[in-house]
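Bear in mind these aren't lab numbers, they're just calculated from the coordinates by the rules spelled out. Since the model is a prediction, treat every value here as computed from it, not as a measurement. Glycine also receives a Cβ, built like all others from the backbone with ideal geometry; neighbour counts cover every protein chain displayed.
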Amino acid sequence: MKRAAFDNRWLPILLLLPQLSIICLFFYWPAWQALRSSFFLQDPFGFGETFVGWANYTRLWTSSEYLKNAGFTAIFSLSVTGLSLAIALLLAVKADTVLRGAKTYRTLLMWVYAVAPPMAGFIALILFNQRWGPMTDFFAMFGWDLQVRLDYFDTGFVMVVASVWKQIPVNFIFFLSGLQSIPRAVREAALIDNASGFSRFWTVTFPLLAPTGFFLLIINITYSLFDTFGLIDTILRNNPGDNPVTLVYQVYLDGFRGQDIGGSSAQSVVLMVLVLALTIMQFRLVERRIHYT
Amino acid sequence: MANVTLNQIRKVYGNGFEAVKPCSFRIEDGEFLVLVGPSGCGKSTLLRMIAGLEDITEGELSIGDRLVNTVDPANRDIAMVFQNYALYPHMTVRKNIGYGLKNRKTPPAEIARKVDEAAAMLNLGAYLDRKPSQLSGGQRQRVAMGRAIVRDPALFLFDEPLSNLDAKLRNQMRIEIKALQRRLGVTSIYVTHDQVEAMTMADRIVVLNGGVIEQIGTPSEIYHSPNSTFVASFMGAPPMNLVKAQLDEGTVRLDCGTAVMAAPAGRSGPVTLGIRPEDVRIGSGAARFDIALIEELGAHRLLHGQVAGQPFTVHVAKETQVSHGPQPIELPPAAMALFDTATGARL
C-alpha cells in the first residue's frame, strides 16, 4: 500500500469531515443520547427529567410483555435468517446448474429485491387477507384457518413468511456469485474424486461458500432484527394490539406512542449491546473455522 | 491397468461447432500416449470426454473392455491432473491426497499409509499439514500428482499439467512424471501443446489439428516421416523446412531450376518438398542457400536464410565454419519427403 503524506495538516481533516459529521450526527450523538436517557425518567411533555439509575433497565426484566417480545424476536430472527439463507442457497445451487435461460431465472428471482419492506408487508397482507387472500384459501385446504392480526401465532407466521420472501433475492445473488467463483477445475476434480453429489456439496462446495455464508449470516441477522420494522408495521397496520412485535418495534411503541423515553432508550441500549456481542462472537468463533481463498 | 479404445468418438457442441470429428484409436495397457496440437485442435475436449467431464456426442469409449460412455467420472477408475492443479483450497495436503480414497470407503489406516507412501515418493512429507495456498507452484503440482497416484487408477489423465510452471521446473517435472509413470506402469493420456513435451514423454503421439487426427505414431515416426505438412511444421524445433517445388518428367526441381531428386513416375505439377534442418549438408551440392542470420546455440548453430527465394533453416554442428552469404548445400534424397501442395498430404 502506498502511503500518502499531506503537507497541510488540515486538508485530510477537511476531506474526512463530511463522513465524520454524518457518523457523529446520525450515530454517535443519538447513541449517546439513548445511553444518557436510559438513566432518566422523562416528563411526557418535556418539562424535565429525573435521574433514576438502573430503574429503566430493571423494569425490563420484570416486564412480562418485554420478555414475551424478546422471546418472539429470538424465534423470529432465527426463522427468518435460517429459512432465507437455506432457501436462497437451494435456489442458487439449482440455478447454478441451469445453463439455458439462466438469466431469466435470475431475473425472476431478483425482482423481489426491488420491493420496499413496507410494500412487502402490504403484499403479504393482501395474500393473507382473511376474506379473499389466496394464501389464506390455500392453507384453508389443509384445515388451517389463518387469522392475521387476530391470532398471535398466525400473525407471527405471516411476518416470517413475508420477511423471508423479501430477503431471499439478496442471499440468492450472493450465493450464486459465490458458487460461480469456485474454480471449474476444482469442481471437476471433485467429480472425479467423489461419486455422490450430496457429499460433494458438503465437502467441497459448501466449505468454499463459507466466507459468503458468514457474511450473509451477519447481514441477515441485522436485517431480521432491524430492517423488518416497516414490514411489521404494515402488517400490524400501526396497531399491534396483542400481536407479536419484535424488540425494535417495541422501542418505537414505548418511545413514540407511550412517551416512555427512558424505558425506550434502555431498550435500544440493550439492542445495541446485543448486536455488538453478536458480531464479536461471530467473528471470534466462526471466522476461525472459515477458509478464505 | 487397462487399455482404452476410442471408436468413432465425436463431439458437437450445442452451438453446432464440431470440436472433435469422428476419431478412433486404441491405447495399450501401460502406454504413455500424448495428444498434441495447437490450441483449439480438440485435444482437451477429447481428454475431457475420456474423463467423463464432457458428454460424448457419438461413438463408443471403452476403458479396459468396459463401455463407459454413460459412466460417471468417479466410477471410470481414472485420475486426472489439471493444468491449474485444481487442489481443494480448504483442505490440507494430506486431506487433498486422501479425499478420493475417503469417498471410496477406504479404511482410514490404509488411507494414511497410502498418503504417506505417495508423499514420500513425491518429496511432500514435510508439507502434509499445509494448505495449498502455502505451497509453491511445483509443490502444488506434486500434490495433484499425489492425488492421482494414491487412487491407483486404471488410467491417468493429464491436462497440460506443466504449462503453469516456469521453464526449469517444467523440464524437471517432465522427467519426474515420465519416470513415475514408468515405475507405476499405469496407462496414461497426456495433453499438451508443447511439441518438446510430446516428443520426450510419449510412447506414442497423436497429432490433432482442427478436430482431426493428422497422425498417430511413435515420436521417431512422427518426427522422421510426417504424414502431412501440418505434422512436419508442428513437430520439431526448428520445424521441417517446407519448400515449393515442381515435379515433371520424374524429377523434382526447385523454383530456381535445380534438380534435387528423382520422383515417383506418373505425377507432375507443384509439390512441397520437406527436409529436416539437421539433414541438410552444407559446403557442397547443387542447391544454393543464402544465409542471412546465424543463431549461435553453443552445442550447435542454426542458419536462417533462403533457398530458391523461400525461407529455409539449416542445423550445423558447432565445428562447422560458416559465414553469411550464399553457400552450396546438398539435400540427401533419402531424407526428403514430398507433400501434395494442395492437400498437404504426403505423397
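Fully extending the segment from residue A:97 to residue A:242 would add 47.6 nm, taking 0.36 nm per residue of separation and subtracting the current Cα-Cα distance.
Working note: Karplus 6.51/-1.76/1.60 with θ = phi - 60° gives the range B:213-221 the couplings 6, 7, 6, 10, x, 6, x, 5, 4 Hz, where Gly and Pro are set to x. By the gyration tensor of its Cα atoms, with a ≥ b ≥ c the square roots of the eigenvalues, what is the shape of the range B:120-167: rounded for a/c under 1.5, prolate for a/b over b/c, or oblate? It comes out oblate by the Cα gyration axes. Dividing the Cα radius of gyration of chain B by its Kirkwood radius returns 1.07 for Rg/Rh. So, counting K/R as plus one and D/E as minus one, what does the shell of residues with Cβ under 9 Å around residue B:37 add up to? Taking every other residue near residue B:37 into account, the sum is 0. Considering only A:226, A:201, A:190, and ranking their Cα positions along the charge dipole of the range A:57-292 that arises from unit charges at the beta-carbon of Lys, Arg, Asp and Glu, the one farthest toward the positive end is A:190.
Does the protein assembly as shown come out rounded, prolate or oblate, given a ≥ b ≥ c as the square roots of the eigenvalues of its C-alpha gyration tensor, rounded meaning a/c under 1.5 and, failing that, prolate meaning a/b above b/c?
Prolate.
Remark on residue B:251: its backbone amide H falls under 5 Å from those of B:263, a criterion applied only to residues 5 or more positions apart or on other chains, H modelled at 1.01 Å from N. Rounded to whole numbers, the Karplus 3J(HN,Hα) couplings from phi for the range A:40-54 are 10, 10, 9, 6, x, 9, x, 8, x, 8, 10, 6, 10, x, 8 Hz, using 6.51 cos²θ - 1.76 cosθ + 1.60 with θ = phi - 60°, and x at Gly and Pro.
Does the range A:57-292 come out rounded, prolate or oblate, given a ≥ b ≥ c as the square roots of the eigenvalues of its C-alpha gyration tensor, rounded meaning a/c under 1.5 and, failing that, prolate meaning a/b above b/c?
Verdict is oblate for the range A:57-292.
If each residue of separation counts as 0.36 nm, what is the full-extension length gain between residue A:152 and residue A:275 once their alpha-carbon separation is subtracted? Before the final figure, lay out each step's value.
Numbers: separation 123, 0.36 × 123 = 44.28 nm, distance 2.64 nm.
Contour length minus Cα-Cα distance gives 41.6 nm.
Using a simple spin-label model with pseudo-atoms 7 Å out from Cα toward Cβ, residue B:321 and residue B:345 lie 4.9 nm apart. Taking every DSSP beta bridge that has both residues in chain B, what percent is antiparallel when rounded to the nearest 5? Around 75 percent of the beta bridges assigned by DSSP in chain B are antiparallel ones.
Restriction of the trypsin sites (Lys or Arg not before Pro) in the range A:69-166 to DSSP coil positions whose beta-carbon has at most 12 other beta-carbons within 10 angstrom yields A:100, A:131.
Length gained on full extension, residue A:177 to residue A:20: 53.2 nm, using 0.36 nm per residue less the C-alpha separation. Sorted fewest first by neighbouring Cβ atoms within 10 angstrom, A:93, B:20 come out as A:93, B:20.
Loop-located chymotrypsin sites (Phe, Trp or Tyr not before Pro) in the range A:130-198 (DSSP state other than H, G, I, E, B) with a sparse environment of at most 16 neighbouring Cβ atoms within 10 Å: A:132, A:142, A:144.
The mean sequence distance of close C-alpha pairs (under 8 Å, at least 6 residues apart), as a share of the length of chain A, puts its relative contact order at 28 percent. Our helix-only sum for chain B, with -39,500 (n - 2.57) per DSSP H run of n ≥ 4 divided by its residues, gives a mean residue ellipticity at 222 nm of -7000 deg cm²/dmol.
Model label sites at residue A:137 and residue B:183, defined 7 Å from Cα along the beta-carbon direction, differ in position by 7.4 nm.
Sort B:87-94, A:51-58, A:190-197 by the packing proxy (mean of other Cβ within 10 Å over each peptide's residues), most packed first.
Result, highest mean first: B:87-94, A:190-197, A:51-58.
Determine the relative contact order of chain B: mean sequence separation of Cα pairs under 8 Å and six or more apart, normalised by residue count, in whole percent. So the answer I get is 16 percent. Scalar couplings 3J(HN,Hα) for the range A:22-38, obtained by applying the Karplus form with A = 6.51, B = -1.76, C = 1.60 to θ = phi - 60°, are 5, 4, 5, 5, 9, 10, 5, 5, x, 5, 5, 4, 4, 4, 5, 4, 5 Hz; x denotes Gly and Pro. Averaged over the residues of peptide B:98-107, the number of Cβ atoms from other protein chains lying within 10 Å of each residue's Cβ is 3.
Mean partner shielding of peptide B:64-72, defined as the number of other chain Cβ atoms within 10 Å of each residue Cβ, is 1. For the pair residue A:227 and residue A:51, a Förster radius of 30 Å applied to the C-beta separation gives a FRET efficiency near 0.30, rounded to the nearest 0.05. List the pairs from A:68/A:166; B:131/B:178; B:21/B:95; B:95/B:178 whose alpha-carbon separation is above 29 Å, in the order I gave them. From the list (A:68/A:166; B:131/B:178; B:21/B:95; B:95/B:178), the Cα-Cα distance tops 29 Å for B:21/B:95. The modelled label-to-label distance between residue B:290 and residue A:284, using points 7 Å beyond Cα along the C-beta direction, is 8.4 nm. Packing here is the average count of other Cβ atoms within 10 Å per residue, and on that basis the peptides A:269-281, A:118-130, highest first, run A:118-130, A:269-281. Take every Cα pair under 8 Å whose residues are at least 6 apart in sequence, average their separation, divide by the length of the range B:252-347, and the relative contact order is 34 percent.
Amide hydrogen proximity for residue B:190: with H placed 1.01 Å from N in the peptide plane, the residues at 5 or more positions away or on another chain lying under 5 Å are B:33, B:34, B:35, B:158. Over all other residues within a Cβ to Cβ distance under 14 Å of residue B:172, the charged ones net out to +2, with Lys and Arg as +1 and Asp and Glu as -1.
Taking amide H as placed 1.01 Å from N in the peptide plane, residue B:327 has its amide H under 5 Å from the amide H of B:289, B:290, B:291, each at least 5 places away in sequence or on another chain.
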